[in-house]
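Peer 1: Before anything else, here's the structure in question.
The values are calculated or read from the model by the stated rules, or taken from the named source; none is laboratory data. Because the structure is predicted, anything quoted here is derived from the model rather than measured. Every residue, glycine as well, gets a Cβ built from its backbone with ideal geometry; the counts of neighbours run over all protein chains shown. For accessibility, only protein heavy atoms count, side chains too; no ligands or nucleic acids. Shrake-Rupley method; radii C 1.70, N 1.55, O 1.52, S 1.80 Å.
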Amino acid sequence: MSLIETIVDSDQTEVAEIRFDAITGHRSLFSKKSFRANEVIIGFLAKAVHETPNYLTVQISEHEHIELFPECLECANHSCVPNCFFDTTRMEFVTLKPIAAGEEFTFFYPSAEWDMDRAFECNCGTDQCIGKIEGARYLSASTIAKYRFTDFIQQKLRSAGM
Ligand SMILES: [Zn+2]
């Protein structure tokens, strides 16, 4: 089995690769080229839609949690200092800042998740680390101010008065 799988966009340009750690089973998504800030890395679709979240899904509305296609995108890990964002309105995986070839793509899970299926203790190791990651509804106002959120999560934050 290959430990690296390459992802191409519709122009057949290599945009990303999945790196698989055979010992831990941990998968991560790395950039194959450089990107500017706010650039589309790749468009995505819903391979399947679920009413409840699981650890691989991305929330697009109150009761719609999608499995991503291309599936490689589910390998994008969380960081409290993310360089990417799932725009679930435009259905595009986009950069938040310039990214060099060979850098890991990461996103802030609560940017797209209101109440996560599996909370976890983050160990991203950055000085911005917020610790427990459990969804946007649990964030403080000062944390909310630092991140970009999907249109759906922005709506939820507004209606919760957050
Ligand atoms: Zn963190």
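Peer 1: Within the chain, what's the longest run with no trypsin sites (Lys or Arg not before Pro) in a DSSP loop and at most 13 other beta-carbon atoms within 10 Å? Give the range, please.
Peer 2: In short, 37-89.
Peer 1: Straight-line reach only, C-alpha to C-alpha below 16 angstrom: list the aspartates and glutamates that Lys156 could link to, leaving out same-chain residues fewer than 8 apart.
Peer 2: Lys156 reaches Glu62, Glu64, Asp87, Glu113, Asp115, Glu134.
Peer 1: Still on this structure: If you take the Cα Rg of the stretch 60-132 and divide it by 2.2 N^0.38 Å, with N the number of residues, what do you get?
Peer 2: 1.13
Peer 1: Given a cut-off of 19 Å, what percent of all Cα-Cα pairs of the stretch 1-57 lie beyond it?
Peer 2: 48
Peer 1: I would also like to ask the following. Can you give me the Cα centroid spacing of the stretch 17-59 and the stretch 96-162 in angstrom?
Peer 2: Rounded to whole Å, the Cα centres lie 15 Å apart.
Peer 1: Here's a follow-up. Using a 1.4 angstrom probe, figure out how much accessible area the stretch 36-162 has per residue, in square angstrom, rounded to the nearest whole.
Peer 2: 50
Peer 1: So which chymotrypsin sites (Phe, Trp or Tyr not before Pro) in the stretch 15-117 end up in coil per DSSP with only 10 or fewer other C-beta atoms within 10 Å?
Peer 2: Those that pass, being in a loop and sparsely packed, are Tyr55.
Peer 1: Across the chain, how large is the tail of the calculated P(r) beyond 18 Å, expressed as a percent of all Cα pairs?
Peer 2: In whole percent, the long-distance tail amounts to 59.
Peer 1: Let me ask you something else. ³J(HN,Hα) across the stretch 118-123 via Karplus (A = 6.51, B = -1.76, C = 1.60, θ = phi - 60°), whole Hz, x for Gly/Pro?
Peer 2: 10, 6, 8, 8, 6, 10
Peer 1: Under 17 Å from the Cα of Lys97, which lysines turn up, not counting those fewer than eight places away in the same chain?
Peer 2: Lys32, Lys33, Lys146
Peer 1: Here's another thing I want to ask about it. How far, in nm, would the chain grow between Phe69 and Gln128 when pulled straight, counting 0.36 nm per residue and subtracting the alpha carbon separation?
Peer 2: That pair, Phe69 and Gln128, stretches by 18.2 nm at full extension.
Peer 1: Run the accessible area of the stretch 4-152 with a 1.4 Å probe and give the carbon-and-sulfur part as a rounded percent.
Peer 2: 48
Peer 1: Please report the Cα spread of the stretch 97-162 along all three principal axes, rounded to whole Å, starting with the longest.
Peer 2: 39, 24, 22
Peer 1: Then there is this: Within the stretch 1-80, report the GluC sites (Glu not before Pro) that DSSP leaves as loop and that have at most 11 other Cβ atoms within 10 Å.
Peer 2: Glu51, Glu62
Peer 1: Considering amide H positions built from the backbone, and no H for Pro or chain starts, which residues 5 or more places from Trp114, or on another chain, come under 5 Å of its amide H?
Peer 2: Ala136
Peer 1: Ignoring everything except DSSP H segments at least 4 long, calculate the 222 nm mean residue ellipticity for the chain; use -39,500 (n - 2.57) per segment, divide by total residues, nearest 500.
Peer 2: -2000 deg cm²/dmol
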